[in-house]
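As structure tokens, the structure follows; a few thoughts come after it.
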Amino acid sequence: MFNHLSSSFKITFAYLIFGILWILISDTLTNILSHTIENIQTVQLIKGWFFIFFSASILYFISTKLFKNLQQAKDEADEAKALLENIINNAPVRIFWKDKNGLFLGANKLLLEDIGVKDISTLLGKNDKSLHIQETSEYMQDDQYVMKFKIKKLNYIETLTDKEGNRKILNTSKVPLLNKNGEVIGIIGVFQDITQHVEIENQIKKQEALILQQSKFASMGEMIANIAHQWRQPLSIISTSATGIKVQKEMGMLTDEFEFESLDSINENVQYLSKTIEDFRNFFKEEKIKNEVDIEEILSKTLSLVSSRLKNRNINIITSYERIVFETLETELIHVFINIINNAIDAFEDVTTEKFIFIQTQQTSNAIVISIKDNAGGIDPNILNLVFDPYFTTKEFSKGTGIGLYMCKEIVVKHLHGKIDVKNVEFDYKEKSYKGCEFTIEILI
Ligand SMILES: Nc1ncnc2c1ncn2[C@@H]1O[C@H](COP(=O)(O)OP(=O)(O)O)[C@@H](O)[C@H]1O
Ligand SMILES: [Mg+2]
């Protein structure tokens, strides 16, 4: 504004000065150079014509420039308006704006489609009540709230139910519309239809719950197999001892010493059975409370749960522990270790060389790192990135479910807020080279 005034003032002032100077100088020169009255009259006439032509040219020059600028500004404004309309109409969200009384000032195409309005003109100047939507009073309350307190209401979930009862789920944000003095003159709202998104999310949750259920059965299966292994030897000792007593008694050869020895052995083994069943029972307890544990203790509990499978297959466990005490979900962590060790035991099936599982723990500045490495040959590189997928297995139907590592990842990432990775490794141990895979679990502390 100030600029326009000063430019206009400058042009007028320059013209005024030029005019005055022209009259003064040209008149003085005419008087000096012309000696007769006729001469002066002729020169004055020429001067007058010249001045008119000169002024007209300047006027023409200035007005064309002004009109050109004006047209250019109008074109630019039209272009900006069209671009803005284009953005509003094509933005992948529903947009509307209303005045202070909640009457529609505008809305984009997507919103019109959503509420079944063909032409924007039928909406302008009306309030939400004209929309035949069940939730209108809630919408209007929200509008009033945002405008009255001049605050933003962002990303809240609400519904839109049309007169046929079709319900959509919306993610809505409303902000006050301000004039340049910062006063509230209305409201701007945007919303997204997230119905499909919510449905997909619900499906995923159901699917996850199903997998969790299946994984419980699967790990129960693996556990029962472990119990069966674990019990085979003590049961056979109990049976042998009892049979021994019976046979010797029948033959009249039973000595007190033999009887006591056998009964002690039976007792010892029954206690062992009862302890293993207690271990497994604890393992299946639904507890989600973190308690303080020693990583070494957790790993030795894990190893005792799989000890008979390890012994049967002559698998050596080589450990290198750092003493680390931290808070965690003990049962879940044991679950993860058992799954990884069980997989290593399975992988040793066709291995004839010496078998090793190396377990190492380490504490870094912000995490506890546990690595479990075997020398069973490793995982085919083509499937290395699939092993954590649900149902991915390379084992026969009766032997693999493909749930184990998926569950490990779920537990480590979602419950323990950590990371789990696997890689193939080549390494030397006691001057021999081996190949295998290494699982690394990192739990942030
Ligand atoms: N230590 C390992 N050595 C070789 N392959 C492994 C090892 N651990 C896991 N795998 C591979 O990862 C797959 C997925 O494991 P998992 O999710 O526990 O399912 P499952 O044991 O039921 O097959 C296994 O089928 C196997 O091919
Ligand atoms: Mg497995």
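The values are calculated or read from the model by the stated rules, or taken from the named source; none is laboratory data. Keep in mind the model is a prediction, meaning the values are calculated, not measured. In this analysis, Cβ positions are derived from the backbone assuming ideal geometry, glycine residues included, and neighbour counts consider all displayed protein chains. SASA here: full protein model, heavy atoms, side chains in, ligands and nucleic acids out. Shrake-Rupley method; radii C 1.70, N 1.55, O 1.52, S 1.80 Å.
Among the residues of the stretch 306-353, those that are within 15 Å of ligand 2 (Cβ to nearest atom), under 22 Å from D421 (Cβ atoms) and in contact with a strand residue (DSSP E or B) (Cβ under 9 Å, 6 or more places away or on another chain) comprise V336, F337, I340, I341, N343, A344, I345, A347, F348.
Screening the stretch 135-187 for residues that are touching a helix residue (DSSP H, G or I) at 6+ places or on another chain (Cβ under 6 Å) and of a type in the set (K, R) and picking the one that is farthest from D114 (Cα to Cα) gives K153. Screening V425 with (1) touching a residue at least 60 places away in the same chain (Cβ under 8 Å); (2) closer than 11 Å to K373 by Cα; (3) open to solvent by less than 40 Å² (accessible area, probe 1.4 Å) gives one miss only, at (1).
What tally of residues in the stretch 315-366 results from selecting those that are basic (K, R) and open to solvent by less than 10 Å² (accessible area, probe 1.4 Å)? Walk me through it before giving the result.
Pass one, the stretch 315-366, residues basic (K, R): 323, 355.
Among the residues that remain, those that are also open to solvent by less than 10 Å² (accessible area, probe 1.4 Å) are: none.
Residues meeting the conditions: 0.
Scanning the stretch 191-212 for residues that are open to solvent by less than 80 Å² (accessible area, probe 1.4 Å) and more than 14 Å from I157 (Cβ to Cβ) returns E208, A209, I211, L212.
Among E296, E292, which is in a strand (DSSP E or B) and either touching a Ser or Thr at 6+ places or on another chain (Cβ under 9 Å) or at pLDDT below 80 (or both)?
Numbers: E296 fails: in a strand (DSSP E or B).
Going through E296, E292 in turn, the sole match is E292.
Across the stretch 291-314, the qualifying residues are those that are without any contact (Cβ under 8 Å) to a residue 60 or more places away in the chain and acidic (D, E), and the one among them that is least open to solvent (accessible area, probe 1.4 Å) is D294. The residues of the stretch 1-41 that are among the small types (G, A, S) and either modelled with pLDDT of 80 or more or surrounded by fewer than 12 Cβ atoms within 10 Å (Cβ to Cβ) (or both), listed by number, are S6, S7, S8, A14, G19, S26. Taking every residue in the stretch 341-364 that is farther than 15 Å from C437 by Cβ and pairing it with any residue that is crowded, with 21+ Cβ neighbours inside 10 Å and polar (S, T, N, Q), at least 6 positions away or on another chain, the pairs with Cβ-Cβ distances below 9 Å are T353/N375; E354/N375. Going through the stretch 133-154 one residue at a time, which ones are charged (D, E, K, R), open to solvent by less than 60 Å² (accessible area, probe 1.4 Å) and not in a helix (DSSP H, G or I)? Hits for the stretch 133-154 are E135, K153.
Within the stretch 92-126, how many residues are outside any strand (DSSP E or B) and either free of Cβ contacts under 8 Å to residues at least 12 places away in the same chain or crowded, with 17+ Cβ neighbours inside 10 Å (or both)? Steps first, answer last, please.
We begin by selecting, within the stretch 92-126, every residue outside any strand (DSSP E or B); these are 92-93, 100-103, 108-126.
Keeping just the survivors that are either free of Cβ contacts under 8 Å to residues at least 12 places away in the same chain or crowded, with 17+ Cβ neighbours inside 10 Å (or both) gives 102, 108, 110-115, 117-119, 121-123.
Summing the residues that are outside any strand (DSSP E or B) and either free of Cβ contacts under 8 Å to residues at least 12 places away in the same chain or crowded, with 17+ Cβ neighbours inside 10 Å (or both) in the stretch 92-126 gives 14.
For E257, the test of being part of a helix (DSSP H, G or I), of a type in the set (D, E, K, R) and exposed (fewer than 12 other Cβ atoms within 10 Å of the Cβ) is passed. Among the residues in the stretch 129-136, are any basic (K, R), modelled with pLDDT under 95 and farther than 30 Å from T302 by Cα? The answer is yes, given that some residue of the stretch 129-136 is basic (K, R), modelled with pLDDT under 95 and farther than 30 Å from T302 by Cα. Here K216 meets each of (1) more than 22 Å from I338 (Cα to Cα); (2) surrounded by 12 or more Cβ atoms within 10 Å (Cβ to Cβ) with one exception, condition (1). The single residue among K399, K409 that is touching a strand residue (DSSP E or B) at 6+ places or on another chain (Cβ under 7 Å) and near ligand 1 (Cβ under 10 Å from one of its atoms) turns out to be K409.
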